[in-house]
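See structure below.
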Amino acid sequence: MKNYNLTEGNILNKLLLVALPIMGTQFIQMTYNMVDMIWLGRVGKDAVASSGTAGLYMWLFMAFLLVGRMGSEIGVSQHLGKKDIKNAKEFSQNSLFISFILGCLCSATCLLFSKQLISFFNIQEPIVAQDSARFLSIVGLACPFTFVTASLTGSFNGSGNSKLSFIANLSGLALNIALDPILIFFFHLGVIGAAIATATAQTVVCIIFLVSIKKHKERPFSEYSFLIKPSLDKLIKIFKWTAPIAIESFLFSFFTMKITSFVSRFGAGAISVQSIGSQIESLTWLIGGGYGSALTAFVGQNFGAKKWGRIHKGFKISIYVMSIWGVIVTLILFFGGKYIFYLFIPDDSLLNMGDNYLKILAFCQLVGCLEAISSGTFRGTGRTIPPSLVSVISNFLRIPMAYFLSLTSLGLNGIWLGITIGAFIRGAWIFIWRLIRSRKEPKHDLNENPEILCAKYEIIHNLEDT
């Protein structure tokens, strides 16, 4: 067993040690969808719209996937910070149990109700609706494996070892890249081929994780059992931590789906633009989210070790790091969006539409990065309500803004503007909240009577949560 201690040593080096593999993993997961869309873009805009529409439901199911992942990430990091390996492992195992059950339920939903789910979007083109339902059914088969992978990812990340996640997902991506052209073009399966390639790759990644948690030399626990008697106390604690995150993710996806129903009024081409644009924009929210996960592990371990000074310094350093990335992405989307978009679907009729989308979205990328680190810091201390509350309210505001702006002369650009305004409000709000919160916390590691001072802080912390 090897645990990566984040409570000592150079803060930036420790953050990057965890963050870079997670960001690499997030980039790989983003690339899964990108690869599908690049190949399907050669089939046509209807194929891109089909996979993008079905993908919204997989995004919706992320809400349930995050229960197991964040439960293990928070539980493992905090208890390893306290040197309590027994409880860290039990939180990991109980999170895995939850993940498997939720994954099976999501899979059954996809298989039984795929047509009804896709009908929500009122898609005008019958072939797009039909292929979307088929794509959803096939990818849904892999949900149990995807959910288990997420939970085990949280355990490895919480222990500070995020390299395994990167390597496993890189293997899955390589398989997906190899299978896509073979199934889509050689076997002439089109959208169905892309779905089979994705489901197969995700299943292989899960197998790698299952073997690694038992056998890998840098696994977080020396012994690990998949068959356990669930602990009611730990299940309740996990749901307490993750319920706000899950609700936030579910509503975010639902609100996005509602906005997609507005976009569908402008045809399959507009849906394709939204699907591709969101993948390109994920340069911010996946990479930022990856860094935020690293910060959650860093803060969690130091919170468990009562090292408040390192938490404060880690957050401050993260502001500088992610601000630089936010500026870079802003420039890429604003000045290079048209060229990136053309890589996905070489359709001149959609190029200006895609370029407008990315130019408008460019204005919320910096605050998106600040949102990621603010949320990660809150969650590392177990305070999951603030980022979730901000996200739900801000994302809800997107719906009326997108709807009414789309009725003006802006048309489709009004929808993109509504999305951008909502994202800007969300990022700025949670960042300011975190700055205010950090003023109430100790700025230095505690040297005198640490037990008394930490106990006092934790009492206040718990009262605020209540």
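The values are calculated or read from the model by the stated rules, or taken from the named source; none is laboratory data. Note that the structure is a prediction, hence the values are computed from the model and not measured. Glycine gets a Cβ as well: all are built from the backbone with ideal geometry, and neighbour counts include every protein chain shown. Ligands, DNA and RNA are excluded from the accessible area calculation, which covers all protein heavy atoms including side chains. Shrake-Rupley method; radii C 1.70, N 1.55, O 1.52, S 1.80 Å.
For the reader, a short list of remarks on this structure follows.
- Lys, Arg +1 and Asp, Glu -1 on Cβ, resulting dipole of the chain about Cα centre, debye, nearest 20: 1100 debye
- Solvent exposure, largest accessible area first (probe 1.4 Å, DNA, RNA and ligands not counted), of H79, H188, H312: H188, H312, H79
- Alpha carbon centroid spacing (whole Å) that separates segment 123-153 from segment 323-389: 24 Å
- Taking all protein chains together and a 1.4 Å probe, the residues F113, F298 rank F113, F298 from largest to smallest accessible area.
- Between T420, I207, T53, the Cα set farthest toward the positive side of the dipole of the chain (charges on each charged residue's Cβ, about the Cα centre) is that of I207.
- With 20 Å as the limit on Cα-Cα distance, the pairs of K83/K234; K83/K306; K82/K217; K82/K307 that go past it are K82/K217.
- Under the span-like rule (Cα at least 18 Å along the axis, Kyte-Doolittle mean at least 1.6), DSSP H helices of the chain: 191-215
- Excluding ligands, DNA and RNA, the accessible surface per residue across the chain is 41 Å² with a 1.4 Å probe.
- Only the Cβ atoms of Lys and Arg (+1) and of Asp and Glu (-1) were treated as charged; on that basis the dipole of segment 93-241 about its Cα centre amounts to roughly 580 debye.
- Greater than 22 Å apart at Cα, pairs in K45/K338; K89/K163; K316/K359: K316/K359
- Of (1) 37, 29, 24; (2) 43, 27, 21; (3) 36, 26, 19, the label for semi-axes √(5λ) of the Cα gyration tensor in Å derived from the coordinates: (3)
- Listed by chain and number, the lysines placed with their C-alpha closer than 20 angstrom to that of K258 are K115; residues fewer than eight positions away on the same chain are left out.
- Put the Cα centre of segment 215-273 next to the Cα centre of segment 25-96 and the gap is 7 Å.
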